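A short worksheet on the structure shown next.
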Amino acid sequence: MLKVKGTFYPEGTSQSYSCDIHLHVGGLMSFKLPNSDQNKQINRKDLSIKPKLGRIPRELSVSGLGLFSIESDDKVDTWLLGDKQTDTVVKMEGNLPIIFASILLVPVLLFSIFKYGIPGFAIYFAELVPDPMINITSQHTLIGMDKTLLSPSKLDEQTRLELIEKWQDTLNQLTLRDRNYNLNFRYSKQFGANAFALPDGTVVVTDGLVELVENDWPMLQAILLHEIGHVEHNHSMRLIAELMATSIAINYFFGDLEGMIEVVAGFTSTVVQNQYSQKLEWEADNFAISQLQNLNLDPESFALAMEKLATTGPEHSELDEFFHSHPLTQERIQNARNAAK
């Protein structure tokens, strides 16, 4: 007979009790119920035994009774195995070909999930989001930004009306998603020279951007086409899905390892998100360039706009290509000029 220390978790409660568990020859396990002198006996065949994993405590559950956690050693493992020769997990742990195969295949599997599986899922997920949800999300986002980061435009009304008319004329020549591609102007000290598009097609241009391009319509038009490229490719919904799936995957694969894995997971998540963002920016760039060509316009206007924007940002280092959320500006400029040839 073996006597082992264990913890008993009664079914249906959040309490736990320390107890002595006796493992008898013949396959009987006995222990005393909490707050009772009564001995309870359980046959080994009625135990649901989780596979052995290293030297962590073994978990034994009994339907209708609860779960036991007991310290593991060779004698306990032998008793738990009973007539079985060895545990499947133990076999795998001691199989060198399986160990080496795991070392090689697990990184490949993880790479495939993050590189292909999650982006594929995101594209599929983005198309399933209903338009009413997209519209409500976009409206609330703009309201929130108007209360915090954006202010009414300081551009004169005539300038705004002329740009809106030119933008509408551009839209009439394109075949696009069923989105409300309305053009809005805002002043923002925090955003500076910038533009962005919400998932429902709402496009916001800051006064700083109009001033930066000196009210040059071809350059502003190229930037606006880039922004609606994000909408046409459903980038907002795809990015949300990618970030959500990435977090779930990291937590699923590494959730039981605490301190070190949290650091690694945070680093990995940042890098993955930035790489995704770079991919989406390239798609939007190429959408803008292709639409300019469809309109028989010169993609050089996009390159010139990028050069203007480059004057407002910090210098880039080689590491920025890996960590920065946007592709390097010089690469984007060259990409547009290559298309213009």
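The values are calculated or read from the model by the stated rules, or taken from the named source; none is laboratory data. Since the structure is predicted, the reported quantities are computational estimates derived from the model, not experimental observations. For neighbour counting, all protein chains shown are included, and Cβ atoms are generated from backbone atoms with ideal geometry for every residue, glycine included. Side chains included, ligands, DNA and RNA excluded: accessible areas come from the protein's heavy atoms. Shrake-Rupley method; radii C 1.70, N 1.55, O 1.52, S 1.80 Å.
In a shell of Cβ-Cβ distance under 13 Å around LEU212, excluding LEU212 itself, what net charge do Lys and Arg (+1) and Asp and Glu (-1) give?
Numbers: positive: LYS308; negative: ASP207, GLU211, GLU214, ASP216, GLU307.
With Lys, Arg at +1 and Asp, Glu at -1, the net is -4.
So how do ASP20, ASP298, ASP207 rank on accessible area, 1.4 Å probe, biggest first, that is with the largest at the start?
Working: ASP20 55, ASP298 90, ASP207 5 Å².
Order by accessible area, largest first: ASP298, ASP20, ASP207.
If amide H atoms are built 1.01 Å from N in the plane of the peptide, which residues on other chains or at least 5 residues away come under 5 Å of the amide H of SER153?
Sorted by chain and number, the residues that satisfy this are TYR187.
What accessible area per residue comes out for region 170-211, rounded to a whole number of Å², with a 1.4 Å probe?
On the way: 1820 Å² over 42 residues.
Per residue, region 170-211 has an accessible area of 43 Å².
Per-residue accessible area for TYR116 at 1.4 Å probe radius, Å² rounded to 10?
140
Got a sec? What order do LYS52, LYS189, LYS166 fall in by accessible area at 1.4 Å, biggest, i.e. largest, first? Before the final figure, lay out the partial values.
Numbers: LYS52 30, LYS189 170, LYS166 90 Å².
The most accessible residue leads, giving LYS189, LYS166, LYS52.
Divide, for region 106-247, the radius of gyration over alpha carbons by 2.2 N^0.38 Å, where N is the residue count. If you can, show how the numbers build up before the last one.
On the way: Rg = 17.4 Å, N = 142, 2.2 N^0.38 = 14.5 Å.
Computed over Cα atoms of region 106-247, the ratio equals 1.20.
Roughly speaking, what % of Cα-Cα pairs in region 36-76 are separated by over 17 Å, rounded to a whole number?
On the way: 296 of 820 pairs.
That tail contains 36 percent of the Cα-Cα pairs.
Quickly rank 277-290, 167-180 as a protection proxy: mean count of other C-beta atoms within 10 Å, highest first. List each step's numbers first, then the result.
On the way: 277-290: 19.1, 167-180: 12.6.
The densest-packed peptide leads the list: 277-290, 167-180.
Can you send over the carbon and sulfur percentage of the accessible area for region 135-233, probe radius 1.4 Å, protein chains only? Could you put the intermediate results ahead of the total?
Details: 2310 of 4920 Å².
The C+S portion of the solvent-accessible surface of region 135-233 is 47 percent.
For region 94-178, which semi-axes, largest first and in whole Å, follow from the square roots of 5 times the eigenvalues of its Cα gyration tensor?
Details: eigenvalues 489, 63, 39 Å².
With the √(5λ) rule applied to region 94-178, the semi-axes are 49, 18, 14 Å.
How much of PHE111 can a 1.4 Å solvent probe reach, expressed as accessible area in Å² and rounded to 10?
120
Using a 1.4 Å probe and ignoring any ligands, DNA or RNA, find the accessible area of HIS235 and quote it in Å² to the nearest 10.
Roughly 10 Å² of HIS235 is accessible to a 1.4 Å probe.
By how many nm would the segment from THR175 to THR159 grow when fully extended, if each residue of separation counts as 0.36 nm and the alpha-carbon distance is taken off?
Values: separation 16, 0.36 × 16 = 5.76 nm, distance 2.63 nm.
Extra length available between THR175 and THR159 comes to 3.1 nm.
Based on the alpha-carbon set only, what is the convex hull volume of region 131-183 divided per residue, in Å³?
On the way: hull volume 4.3 nm³, N = 53.
Taking only Cα atoms, region 131-183 has a hull volume of 82 Å³ per residue.
By accessible area of protein heavy atoms, probe 1.4 Å, what ranking do SER18, SER69 get, highest first? Show your work: numbers first, answer last.
Working: SER18 110, SER69 30 Å².
The ordering from most to least exposed comes out as SER18, SER69.
What is the spread of the Cα atoms of region 177-228 along each of their three principal axes, largest first, in whole Å?
31, 24, 13
Quick one: grab Rg to one decimal and Dmax as a whole number for region 1-57, Cα atoms only, in Å.
For region 1-57, the Cα radius of gyration and maximum Cα-Cα distance read 12.1, 34 Å.
Counting only heavy atoms of protein chains, what accessible area per residue, in Å², does region 1-153 have with a probe of 1.4 Å?
On the way: 10210 Å² over 153 residues.
Each residue of region 1-153 exposes 67 Å² on average to a 1.4 Å probe.
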